[in-house]
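**Student:** Structure provided below as structure tokens; questions to follow.
The values are calculated or read from the model by the stated rules, or taken from the named source; none is laboratory data. What you are looking at is a predicted structure, and each value in this text was computed from that prediction instead of being measured. We place every Cβ from the backbone using ideal geometry, glycine too, and count neighbours over all the protein chains shown. Note: areas computed on protein heavy atoms with side chains; ligands, DNA, RNA excluded. Shrake-Rupley method; radii C 1.70, N 1.55, O 1.52, S 1.80 Å.
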Amino acid sequence: MSSDTTGVLPREGVAVSGVRAALLQKRTRLGEHAYTVVRWGGAAVFAAVVVALLISVAGSSSQALTRSGVGFLWSGTWNPAAGEYGAGILVVGTLLTTAVAMVIVVPIGLGTAAFLSELAPGWLAGPLSTLIGLLAAVPSIVVGLWGLIVLTPIFANQVEPFLASMPLLGWLFRGEAYGPSVLLASVVLAVMTLPTMVALSRTALAAVPVADREAALALGATRWQAVRKAVIPAARSGIQAAVTLAVGRAMGESIAVAMVIGNRPALPTSLTAPGATLGSAIVNQFAEASPGLGTSSVIALGAVLLLLTVAVNAGGQALLRSGGGHRAGTAGALR
Amino acid sequence: MTVASALSRRDLVRAAAQRSLTRRRITGRLAQALCAVAAVASVAPLVALLYYTISRGAQVLSWSFLVNAPTPPGIPGGGISTAITGSAEIVGLALVIAIPIALLAALFLFERSGRLAAALRFSADVLAGVPSIIIGIFAYALLVLPLHAFSNLAAAFALAVLMLPIMIRADEEAMRTIALDLWEAGIALGARRGRVARSVVLRGALPDLVTGNLLAIARAVGETAPLLFTLATPVAAMTLLIYTDGTQAFPIAQETAWGTALVLLAFVLLLSVAAKIAAWRISRRAR
Amino acid sequence: MSGDPIARPEPLSLVAEQRAAANTAASALTHGHPSSATPPAVTLEGVQVSFGDHVAVRNVTLAIPARQVTALIGPSGCGKTTLLRAINRLHDHTGGSVEGSIKLGDIDVYGADTRPELIRRRIGMVFQRPNPFPAMSVFENVVSGLRFNGVRGRALLRDAAESALHHAALWDTVKDRLNQPAVGLSGGQQQRLCIARALAVEPEVLLMDEPCSALDPIATAKIENLITRLAADVTIVLVTHNMFQAARVSDQAAVFLLGEDRVGELVEAGATDELFHEPKNPRTRDYVAGRVG
Ligand SMILES: Nc1ncnc2c1ncn2[C@@H]1O[C@H](COP(=O)(O)OP(=O)(O)O)[C@@H](O)[C@H]1O
Ligand SMILES: [Mg+2]
């Protein structure tokens, strides 16, 4: 970089006298140093936040973890009154609600993405995806409130009795229909992860070159065959990323789940039975936790949740980064 | 390959294509119909959420609901003014913390490529997926426990941590899409990097920066879990008020929750629509 | 326009003449009758394709003889691809509207009770850039069309794949890696895989849209050889903007040029050697002599 232009654009620079130019140069050099410092500073503060988060969550849960060791992860009972703390049941509850939520959201989300990207005309696809995008903006507390006040009675009186009466799958939903349940929590989670699932899979489908669709059509495939056999497989890593990130989001949601799951830290006997997840247990136990070991145990639940979600999200991000790169330059209709 | 087998194969493929066509078409129609049903099912929750929040919230919503302070249970005439101002204060404070740090970190990423930047970017993406409740625990362990006090500052810190990764990535993206050629032009003219960054990049990317940050704000305003660990009283923020009142069995408390939910939802949706419109206008101008 | 460097020294008309002589001899052997007697496989009459109010190509009347290579030549942008895609109804999906009549044998391609899926099975297509299905193996790519069309049976699919790969001169190259991803092949191999994939469904007509434009000269030569041999079984419509290629491989040629109003139109069609030797239309003469396009 030439020194005579300093920070001033040439047009102004012509009029600057020698002395002023020298002064300016000194000042801008100072400014340049300052700029470098603050830029690195911003990055450093962010990195420090990340490190501090890890350290403080680990540190605050150490009391509980040193007492129970790794056994904390799978020890089955969570009974603060008896001084028994174990994450096992809550991990199971978290995985169960997430899995059921995915059973609901993956087909619906993927079907919607396919509809938006492959089947719907442009005038419909645009507004529809904007609407679904707005769903992503709805705060989880509002979804939770809706689940609690609106869905709970519907589930208790209609949905759960109906599901229990189904011929082959009824056993999954047997028992008393309360309303608050693993199933309701999963439905709420499905609603909350739907926008992620739709947006990311739609992006993945849209990134598949038109040439792939036309190759299938030109062989005599129907439009759906082209979507099913050519487009969706080509978008696989993007769709996997969508599911993985939706899983991460579902596992980590706490407040809305706490409102509708019924909060019973025991192995659910059916999907319509109440249960608990790591997140819902943290919400519910935190205020009542006794100082010291109690609080530390609740925070240790957070540490377990952090581990789970970071692993899942890192996987999802890696998938996102790996996808798309194949056969660059074939996008767009061939003419 | 013999001529005979080729001929028979041609007939065979022709027959199979013809025979299977009806099935293929019906399957296709069915699958397409299912996709359309899925799309309707995807829009339904939003419609239902809006419908219930508006219809239930509107019954409580009034000027006094917005400007009156909450009253103890049983005493009529209470409002949610403290929750609104509380939310505004916490989010405002969080913005003061997060915006400059995010902007600088984004400039760092914008100007650097390589392992360090990639690692930082990756951790931002992963941190963006860390459950907000963990971030609440973090703020609790870092600020509440040592100081023995719940505070708006602790809550604001939690929301700032929550927004940081979202803002960093959005800011960097904004700089990249809008300003790369401007940036290079500035460097080519011999302007120093700091000056280029300040004047050219930031000004060029400003509308996009606004969009990205608006979305991050919308996300932060709606967060509940981090506040659970950092605020002393539920009336200090809208989301917390919805949680505590909504989980009460009293109709009056639930009404307050719906009213607050409507205010919150209106604010958040307004923010995201504003962000969308800004983004749309930018992309139209760019064309 | 880029001519193939290997062929450049030879005058166009000479290349075409040699090709015609060879072809007459060959077709007399394989079919027992001169090429002029074969009935048209595809007939276009007054065909026009437009996108919205922009007409891409108009007024094309052309008979494409069966089991010969017909080259559509002309400069870039004169509607060759657009016309080609009209023949197998790919414009159903791109918003192009097709007027006039296109017939496969005596079936109206755009007839009210013509199923596009069945028509496309009979009129295969090879695209400008190799486009094997990226998520499929070599084998799955070749049999994908058969699966689309409801053909089942492991042995049947294997036989069909082997035969199609033989026809595409690819069998020896890929027989040991049938289960590996198709995207691992080189560009030329991928294009021959796409040809095999198209051949596997036993089409009567094969549309090829500048199949060599993304390939190097050696891969190009292989595909050109292939085209000549395939014409014994399949009617081939080859789009190219390379006149030397047209001269080397085609029996018939149709020249497209942009009209005054920048709409593509068919200027002249006929036997390739005649067209290059003694073009009737002055615009063809200019084009063949390299003065336009
Ligand atoms: N999908 C499309 N939409 C609009 N215009 C198109 C489309 N495809 C082709 N065209 C137009 O049709 C004309 C002919 O294009 P094309 O058939 O690709 O020419 P060629 O293959 O001879 O180079 C061009 O003006 C092109 O812009
Ligand atoms: Mg073309």
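**Student:** Output the direction-averaged projected area (hull surface divided by four) of the convex hull of the alpha-carbon atoms of chain B, in nm².
**Tutor:** So the mean shadow area of the Cα hull is 26.7 nm².
**Student:** Of A:Gly179, A:Ala190, A:Leu245, which is farthest towards the positive pole of region A:70-325's charge dipole, taken about the Cα centre with +1 and -1 on the beta-carbons of Lys, Arg and Asp, Glu respectively?
**Tutor:** With unit charges placed on the Cβ atoms, the residue in question is A:Leu245.
**Student:** Right, something else. With a bin width of 10 angstrom, please list the P(r) values of region C:66-159 as percents of all Cα-Cα pairs, from the 0 bin to the one holding the largest distance.
**Tutor:** Bin by bin from 0 Å, the calculated values are 12, 37, 35, 15, 1.
**Student:** Evaluate the charge dipole of chain C about its Cα centre and quote only its size in Debye, nearest 20, assuming +1 on the Cβ of each Lys and Arg and -1 on the Cβ of each Asp and Glu.
**Tutor:** Value, rounded to 20: 740 debye.
**Student:** Tell me, what is the per residue accessible area of the protein assembly as shown in Å², probe radius 1.4 Å?
**Tutor:** 42 Å²
**Student:** Over what distance in Å are the Cα centres of region B:212-287 and region B:95-174 separated?
**Tutor:** 19 Å
**Student:** Under 16 Å between alpha carbons, and skipping anything fewer than 8 positions from B:Lys276 in its own chain: which lysines qualify?
**Tutor:** Correct list for B:Lys276: empty, as no lysines qualify.
**Student:** Among B:Leu107, B:Thr233, B:Thr71, pick out the residue whose Cα is farthest towards the positive end of the charge dipole of chain B, where Lys and Arg carry +1 and Asp and Glu carry -1 on C-beta, about the Cα centre.
**Tutor:** B:Leu107
**Student:** Still on this structure, I have one more. Return the Rg/Rh value of chain C, two decimal places, where both radii are evaluated on C-alpha atoms and Rh is the Kirkwood radius.
**Tutor:** Checking Rg against Rh, the ratio lands at 0.96.
**Student:** Tally the DSSP beta bridges in the protein assembly as shown and give the antiparallel ones as a percent, rounded to 5.
**Tutor:** 55 percent
**Student:** Write down the radius of gyration of region A:70-325 and its Dmax, each obtained from C-alpha positions, in Å.
**Tutor:** 20.4, 70
**Student:** Report ³J(HN,Hα) in whole Hz for each residue of region C:92-100, in order, from the Karplus equation J = 6.51 cos²θ - 1.76 cosθ + 1.60 where θ = phi - 60°; Gly and Pro get x.
**Tutor:** Per-residue couplings from phi come out as 3, 10, 10, x, x, 10, 10, 10, x Hz.
**Student:** In addition: For the interface of chains A and C, what total accessible area is buried with a 1.4 Å probe, rounded to the nearest 100 Å²?
**Tutor:** Chains A and C together bury roughly 2100 Å² of accessible area.
**Student:** Another question, then. Considering chain B as a Gaussian network with a 10 Å cut-off on Cα pairs, which listed residue, B:Ala128, B:Ala44, B:Ala155, attains the greatest mean-square fluctuation?
**Tutor:** Of B:Ala128, B:Ala44, B:Ala155, the Gaussian network model singles out B:Ala44 as fluctuating most.
**Student:** How long are the three semi-axes of the equivalent ellipsoid for region C:102-222, computed from the Cα gyration tensor as the root of 5 times each eigenvalue, in whole Å, largest first?
**Tutor:** 25, 18, 11
**Student:** Under 5 Å between amide H atoms, partner at least 5 residues away or on a different chain: which partners does C:Met125 have, H built in plane at 1.01 Å?
**Tutor:** HN-HN under 5 Å from C:Met125: C:Leu207.
**Student:** Please give the charge dipole size of region A:70-325, origin at the Cα centre, charges +1 on K and R Cβ atoms and -1 on D and E Cβ atoms. Round to the nearest 20 debye.
**Tutor:** Roughly 600 debye, rounded to the nearest 20.
**Student:** Still on this structure, please answer the following. Show me you know the interface measure: the accessible area buried between C and B, both chains summed, probe 1.4 Å, in Å² to the nearest 100.
**Tutor:** Using a 1.4 Å probe on protein heavy atoms, the buried area is about 1600 Å².
**Student:** Charges at C-beta only: +1 for Lys and Arg, -1 for Asp and Glu. How large is the resulting dipole of region A:112-248 about its Cα centre, in Debye rounded to 20?
**Tutor:** My answer is approximately 280 debye.
**Student:** Report the A-B buried area as the accessible area lost on both sides summed, probe 1.4 Å, in Å² to the nearest 100.
**Tutor:** Chain pair A/B: roughly 7100 Å² of buried accessible area.
**Student:** Averaging over all projection directions, find the projected area of the Cα convex hull of region B:1-57 and quote it in nm² with one decimal place.
**Tutor:** Approximately 5.2 nm², given one-decimal rounding.
**Student:** Taking a temperature of 10 °C and a viscosity of 1.306 mPa s, what whole-number D in µm²/s does Stokes-Einstein yield for region A:213-265 with Rh from Kirkwood over alpha carbon pairs?
**Tutor:** Calculated translational D: 114 µm²/s.
**Student:** Distance between Cα centroids, region C:147-177 to region C:212-250: provide it in whole Å.
**Tutor:** About 22 Å separates the Cα centre of region C:147-177 from the one of region C:212-250.
**Student:** Here's another thing I want to ask about it. Pairs C:Lys222/C:Lys280; C:Lys80/C:Lys103; A:Lys229/C:Lys80: which are spaced more than 24 Å apart, C-alpha to C-alpha?
**Tutor:** Over 24 Å apart, Cα to Cα: C:Lys222/C:Lys280; A:Lys229/C:Lys80.
**Student:** Please name which of B:Leu21, B:Ile54, B:Ser8 has its Cα lying farthest along the dipole of region B:1-57 towards the positive end, using unit charges on Cβ (Lys, Arg +1; Asp, Glu -1) and the Cα centre as origin.
**Tutor:** It is B:Ser8, whose Cα lies furthest towards the positive end.
**Student:** Same structure, new question: For the protein assembly as shown, compute Rg over Rh where Rg is the Cα radius of gyration and Rh is the Kirkwood radius from the inverse mean 1/r over Cα pairs.
**Tutor:** Using only Cα positions, Rg/Rh for the protein assembly as shown is 1.06.
**Student:** If you roll a 1.4 angstrom probe over the protein chains with everything in place, what fraction of the accessible area of region A:241-326 belongs to carbon and sulfur, to the nearest %?
**Tutor:** That share works out to 65 percent.
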